[in-house]
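Only the coordinates and a few stated rules stand behind these numbers; no lab work does. On a predicted model such as this, the values are computed, not experimentally measured, just so you know. In this analysis, Cβ positions are derived from the backbone assuming ideal geometry, glycine residues included, and neighbour counts consider all displayed protein chains.
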Amino acid sequence: MTNRLKVIVLWVLFLFGMVFHSLLALMPLFFGASVAMPDVTGTVPASMMWMALAFYLLPMIFIAATLFLKSSWYKITNFVLSVLFSLMNVFHLFEHFSQTTIDFVQITLLIFVLLVSILLNIAAFKWMKE
């Protein structure tokens, strides 16, 4: 398997992991529990929506772009973005550990996603060096 294909597959796995992370957070709704944060007003901050969109849309853009682009600037950009997403994953994982109620299902999923993102960093680095 080429490094390029590995990058695509790992971006897909990363994206699926983050989507499943969101779905798992909503699972209590099916059992009548509230998933609302304390002191919320019912309005989602626009910054949160844009950040969520970027977190889901950028991997999709990079999956599609990796199918067609193989220039050195793109490979570097892809690698840098993969590292940034890994760092965000680390911070998000620590955020989950700092909550009063630790959800070990989410922690398990986030650790898997972190491992996938590290593999993505490695594959993107190797592809960048080709």
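Of the candidates Tyr74, Tyr56, the single residue that is within 21 Å of Lys126 (Cα to Cα) and of a type in the set (Phe, Trp, Tyr) is Tyr74.
Screening the candidates Phe97, Phe68 for the property of being farther than 28 Å from Thr108 by Cβ and out of contact with any strand residue (DSSP E or B) (no Cβ under 8 Å at 6 or more places or on another chain) yields one hit, Phe68. Against the test of being part of a loop (DSSP other than H, G, I, E, B) and either without any contact (Cβ under 8 Å) to a residue 60 or more places away in the chain or surrounded by 14 or more Cβ atoms within 10 Å (Cβ to Cβ) (or both), the options Gly42, Gly17 yield a single qualifying residue, Gly42.
Do we find a residue being closer than 16 Å to Ile122 by Cβ and either polar (S, T, N, Q) or out of contact with any Lys or Arg (no Cβ under 6 Å at 6 or more places or on another chain) (or both) anywhere in the range 29-46?
Within the range 29-46, not a single residue is closer than 16 Å to Ile122 by Cβ and either polar (S, T, N, Q) or out of contact with any Lys or Arg (no Cβ under 6 Å at 6 or more places or on another chain) (or both).
Just give me the residues in the range 102-117 being surrounded by fewer than 16 Cβ atoms within 10 Å (Cβ to Cβ) and assigned to a helix (DSSP H, G or I), in sequence order. Across the range 102-117, the qualifying residues are Phe104, Val105, Ile107, Thr108, Ile111, Phe112, Leu115.
Could you tell me whether Leu5 is on the phi < 0 side of the Ramachandran plot and surrounded by 10 or more Cβ atoms within 10 Å (Cβ to Cβ)?
Working: on the phi < 0 side of the Ramachandran plot: yes; surrounded by 10 or more Cβ atoms within 10 Å (Cβ to Cβ): yes.
Judged against the criteria, Leu5 is a match.
When restricted to residues that are over 11 Å from the mean Cα position of the chain (by Cα), within 23 Å of Glu130 (Cα to Cα) and of a type in the set (Gly, Ala, Ser), the range 61-117 contains 4.
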